[in-house]
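Step one of this worksheet: look at the structure below.
The values are calculated or read from the model by the stated rules, or taken from the named source; none is laboratory data. Every value quoted in this text rests on a predicted model; they were computed, and no experiment measured them. Positions of Cβ are backbone-derived with ideal geometry, glycine not excepted, and every protein chain shown enters the neighbour counts.
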Amino acid sequence: MADSSSIVLTEPILTIGGTVEQPLSFDLAALREYESVSLEPFDLFCFTSGRFIRPVDSYRGVQLRVLLDAAGVRRPGSSDFKRTVFLAHGHDGYAVTFSWHELFNSPIGDRVLVAYACADRLLDIDDGLPVLVSGADTVRAPRHVKRLARVEAIVLGSARQ
């Protein structure tokens, strides 16, 4: 029987789809081919109660916007990308949103990572691989998604309807 490490290395763990030029699937090796960035350690607090959850060591991974660019969020001949929101789904059904402007037109996007390592140790499925984290959020728990499964690009309707 395969352990969770071999599953991570051979099967897709994340897909990007929706309104993109080329839907993509990534396994751990594919994620690691992109330039990595790190976030400083932080304390995770519950947004609702303010309760301390746990300390989190330094995450390392790839910026979400890099993966979205690889999938072709900005399609030739269209400016729809400016009305695009991204719905990030965890394996357990938990979902969070980002706007195109947050990720590509503000400093927030610099610190939104799809993490595959923590404390210089590769994560596995039991650790929540891959982990989506928004390092610029004041309270990080609401957009801290373990076992990120897919990100969908959705173009919102025109204001002229």
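Quick grid of which residues meet (1) surrounded by 19 or more Cβ atoms within 10 Å (Cβ to Cβ); (2) in a loop (DSSP other than H, G, I, E, B):
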position	(1), (2)
SER78	no, yes
VAL85	no, no
ASP110	no, no
VAL114	yes, no
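Taken over the stretch 45-58, the criterion of being surrounded by fewer than 16 Cβ atoms within 10 Å (Cβ to Cβ) and either β-branched (Val, Ile, Thr) or in a strand (DSSP E or B) (or both) is satisfied by THR48, PHE52, ILE53, ARG54, PRO55. Would you check if GLU35 is touching a helix residue (DSSP H, G or I) at 6+ places or on another chain (Cβ under 9 Å) and surrounded by fewer than 16 Cβ atoms within 10 Å (Cβ to Cβ)? Yes.
Contact annotation: residue pairs with Cβ atoms under 7 Å, 6 or more positions apart or on different chains, pairing a residue in the stretch 13-32 that is under 18 Å from SER78 (Cα atoms) with a partner that is basic (Lys, Arg), are GLY17/ARG150; GLU21/ARG75. Restricting attention to the stretch 118-132, the residues that are touching a Phe, Trp or Tyr at 6+ places or on another chain (Cβ under 7 Å) and over 16 Å from LEU68 (Cβ atoms) add up to 5. Report, by residue number, each residue of the stretch 59-76 that is outside any helix (DSSP H, G or I), in contact with a helix residue (DSSP H, G or I) (Cβ under 9 Å, 6 or more places away or on another chain) and crowded, with 18+ Cβ neighbours inside 10 Å. Hits for the stretch 59-76 are GLY61, VAL62, GLN63, VAL73.
Restricting the stretch 130-150 to residues that are surrounded by fewer than 18 Cβ atoms within 10 Å (Cβ to Cβ) and free of Cβ contacts under 8 Å to residues at least 60 places away in the same chain, the residue that is farthest from ASN105 (Cα to Cα) is THR138.
How many residues does the stretch 59-78 contain that are under 18 Å from TYR34 (Cα atoms), of a type outside the set (A, V, I, L, M, F, W, C) and touching a residue at least 40 places away in the same chain (Cβ under 8 Å)?
Quick first cut of the stretch 59-78, residues under 18 Å from TYR34 (Cα atoms) only: 59-73.
From what's left, of a type outside the set (A, V, I, L, M, F, W, C): 59-61, 63, 65, 69, 72.
Add one more test, that the residue is touching a residue at least 40 places away in the same chain (Cβ under 8 Å), and what stays is 59-61, 63, 65, 72.
Residues meeting the conditions: 6.
Could you identify the single residue in SER106, SER99 that is among the hydroxyl-bearing types (Ser, Thr, Tyr) and touching a residue at least 12 places away in the same chain (Cβ under 8 Å)? None of the others qualify; the one that does is SER99.
Is it the case that some residue within the stretch 26-43 is modelled with pLDDT under 90, not hydrophobic (A, V, I, L, M, F, W, C) and not in a loop (DSSP other than H, G, I, E, B)? Yes - at least one qualifying residue is present in the stretch 26-43. For the stretch 129-140, taking the residues that are part of a loop (DSSP other than H, G, I, E, B) and out of contact with any Cys (no Cβ under 9 Å at 6 or more places or on another chain), the one that is nearest to VAL151 (Cα to Cα) is identified as PRO130.
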